[in-house]
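So the structure is just underneath, and the comments pick up after that.
The values are calculated or read from the model by the stated rules, or taken from the named source; none is laboratory data. Everything numeric in this text was worked out from a predicted model, so none of it was measured. Cβ placement follows ideal geometry from the backbone for every residue including glycine, while neighbour counts extend to all protein chains displayed.
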Amino acid sequence: MVSVDGRQLPLTAVALKAEAQGGISRVTLTQHFENPYEEPLQVSYQVPLPEDGVVAGYAFRIGEHRIVGEVDRVQAANERFTQALLSGRAAALLTQQRPHLFTQELVNVPPGQHVTVELTVDQRLRWLSEGLWEWRFPTVVAPHYSGTKKESHIPVSVAGSPTGIRATLELSIRDVLAEGRRPEAPSHPVRFERGVSRTVAVLDEGVPLDRDLVVRWPVATPEPGVHLHRARLKGRLEESAYGLLTLVPPSVETARLPRDLVVLMDVSGSMRGPPLEHAQRVVASLIDTLEPRDSLELLAFSDAPHRWKEKPVSADAAARREALAWVMGLSASGGTEMRTAIREALRPLRPASQRQVLLITDGQIGFEKEVVQELIEHLPSGTRLHTVGVGSAVNRSLTHAAARAGRGAEVLTGQGEDVERCTARLIAATRAPVLVDVTVQGDAVEDTAPASVTDLMAGAPALLSLKLRADGGRLLVKGVTPNGPWERVLTVPPTNTGEGSPSLATLYAREKVEDLSMRRAGRALSQELNQQMEQLGLAYQIATPLTAWVAVSDEPTVAPTAPTRHATVPQALPHGMSASGLERGSTFAPQGATLMSRPLVMMRRATPTPPGNAASPRPPPFLGRALSPRGPRLEPEANRKRGASPSEPAPVPLRGRWLASADGLDVVEIQCDTQLWEPGVPFHAQLGDGTRVTLNVDTAKSTRRTRVTRGIWVRLYFQALPREVVRLWWSFDGVTYIVRVQGRG
């Protein structure tokens, strides 16, 4: 894979291999990396993963060696990774930024070496009202809008042209398909092969990483009742068993109640073009289903919400025609100030009606927690908020979490999909439930996840994770239907060690983490919740916001003193998304080159800036931030010292970063554009009070003397680097190089 400016991309291909049955799947995601350079390589890649999945395994293969990772606390994982980097050992680190977004770092890849990274992902499937299981796997990270909220900023490196990286798929479906119906793949031209006990979905030609992979298959409508799958792990955690309870509500006739329908449409810049056009068709189809006894409100929002009418109106024929005209006349531009819009949409009206709020969006924001917090704190009693994710790469960290907090349903629809089918799902989601107030009890049950079960609709099975007594017991499910109380009893037999799928344990832990995340968003005591979340990650060996996967080779793969290359794998622009709508307030920064520098990892030589206005890149998450949250930061100094004579040569500003302290030495890494790197020249520092000192460099540990080309990074080991240092400089071959240092701690 070659970028438009001639550089090769380190990620060459992606392969997905999965098995699915009974509403869950286990996926192996394999990434193939290649170092095309003459120097060792460090790679950064933002990995999109299913929001409703959990990373349950991590490993990489280099040469003949396969290195298996383990989960550790984020800070400890960062420290282990940094020490591997400095010692020349190959290492990989996977940290969670959002439930759907992970950052992967791979270091010390030898020149010309091929490396494969394997992620094991356990994932719940989605049930569609047409009687289908849906498997959905993301392949691209879309730019996110953060506005002025720096804490929610998600930097996304976006390619200026197609990357050429492609994905293949092999999905084994082990459910018995409904008679006379076929599987489908609305996202890609998938081939289906029927076998004796399975159907295999194959995508062997390879497809661009620019949209979700979606496969759906029909199964026979499950019989009402409860069905339990059990498992018990070997070794760790074997004192308990785990279960997946499939709960199918009874078929009960419910009265058609009038609805207060509030449609909240995202018309921000990221929705420009095909996403908004598809959303308009969905809303138009939904409006056509309303009756005069229903009330309708329409709101659109970008930088601010604006209403169709000041008050809700009865959905008679005239109002529906006017509403359709208003919806079809909308255009997209601006930011995505979603929290204000949701607050406007939640104002309650008739207490006797079903107030249903439909949030229609691609979800591309970076402040999902604020939206969830708004729903947890201000969702009126009797109101349900449903999310409709529109587009080829919906941010499900927003749509899934908001629907969960809003006690509603999440509906996803891709561009070009049948609008009527989407409308049917929305109608099913807003219909009166047939089973509410569900509880799971009994002496066989130690715990349930999620903590509360959402209202159940007719014909729609719900999946509930359980922690069970290994020796079994009695399990009782209770609920309330429109006809009165409903209950089912199961006798749970003892579960043998090693029995069943280990996915049942990891999915239970994942749901517990999701419960804790919801409580944190609701501003509960976070310290106690953080400890619980961290312990879940460590005990069940899963990635969480507070635990990370780290894998380190036993032996060095490169010389620690060799100069290195850094590369960031860029994301494709999601299919159908308009680049022109993303320039203000988003993390998108288009460039002509396919490789675009990410500020946290790959920093290029800067354009000179006036004193005091230089950029301030943060240390990368796997190096500076976890080891020293306020660690020193290096940034370009002014192109020319104040008061310097015009005849003096201008200092050359360089990019750099402080890595860590190792063996009592401070390590600084600099992107060096000099023709010859010489660590033996005198290095100087200016302290905060103006004092200038000469620094002691350990040349034996630092990057060796070598010729460098543009983009090479070198490493310096300083003995007792003073905390008061504000800038570093050195002179070589008649040129002065200067880097500014911000204070540590």
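When you look at residue 225, is it more than 25 Å from the chain's Cα centre (by Cα), surrounded by fewer than 18 Cβ atoms within 10 Å (Cβ to Cβ) and free of Cβ contacts under 8 Å to residues at least 60 places away in the same chain, yes or no?
Numbers: more than 25 Å from the chain's Cα centre (by Cα): yes; surrounded by fewer than 18 Cβ atoms within 10 Å (Cβ to Cβ): yes; free of Cβ contacts under 8 Å to residues at least 60 places away in the same chain: no.
In short, no.
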Would you mind telling me which numbered condition in (1) over 30 Å from residue 493 (Cβ atoms); (2) under 24 Å from the mean Cα position of the chain (by Cα) residue 425 fails?
(2)
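Yes/no matrix, rows are residues, columns are (1) within 18 Å of residue 12 (Cβ to Cβ); (2) buried (at least 20 other Cβ atoms within 10 Å of the Cβ):
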| site | (1), (2) |
| --- | --- |
| 75 | no, no |
| 87 | no, no |
| 95 | no, yes |
| 100 | no, yes |
| 109 | yes, yes |
| 114 | yes, no |
Filtering the range 641-679 for residues that are of a type outside the set (A, V, I, L, M), at pLDDT below 90 and part of a loop (DSSP other than H, G, I, E, B) leaves a count of 14
If we ask which residues in the range 413-444 are assigned to a helix (DSSP H, G or I), over 29 Å from residue 519 (Cβ atoms) and of a type in the set (Ser, Thr, Tyr), their number turns out to be 1
If you scan the range 356-394, which residues turn out to be without any contact (Cβ under 8 Å) to a residue 40 or more places away in the chain, surrounded by fewer than 21 Cβ atoms within 10 Å (Cβ to Cβ) and of a type in the set (S, T, N, Q)?
381
Screening 32, 65 for residues that are surrounded by fewer than 18 Cβ atoms within 10 Å (Cβ to Cβ) and touching a strand residue (DSSP E or B) at 6+ places or on another chain (Cβ under 6 Å) leaves only 32
I need a count of the residues in the range 713-734 that are touching a Pro at 6+ places or on another chain (Cβ under 9 Å) and more than 24 Å from residue 85 (Cβ to Cβ).
3
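Name the residue, out of 739, 693, that is at pLDDT 85 or above, of a type in the set (A, V, I, L, M, F, W, C) and more than 36 Å from the chain's Cα centre (by Cα). Working first, answer last.
On the way: 739 fails: more than 36 Å from the chain's Cα centre (by Cα).
Selected residue: 693, the only one of 739, 693 that is at pLDDT 85 or above, of a type in the set (A, V, I, L, M, F, W, C) and more than 36 Å from the chain's Cα centre (by Cα).
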Could you tell me whether the range 494-507 includes any residue that is under 30 Å from residue 255 (Cα atoms) and over 34 Å from the mean Cα position of the chain (by Cα)?
no
Only listed residue being closer than 20 Å to residue 653 by Cα, among the β-branched types (Val, Ile, Thr) and assigned to a loop (DSSP other than H, G, I, E, B), chosen from 694, 709, 699:
709
Please verify whether the range 242-252 includes one or more residues that are over 30 Å from residue 579 (Cα atoms), at pLDDT below 95 and within 30 Å of the chain's Cα centre (by Cα).
yes
Given the criterion surrounded by 19 or more Cβ atoms within 10 Å (Cβ to Cβ), acidic (Asp, Glu) and either farther than 26 Å from residue 478 by Cα or modelled with pLDDT under 95 (or both), identify the matching residue among 528, 499, 514.
514
Would you kindly identify the strands (runs of 3 or more DSSP E) lying entirely within the range 445-525 that contain at least 1 residues that are aromatic (Phe, Trp, Tyr) and over 22 Å from residue 542 (Cα atoms)?
484-492
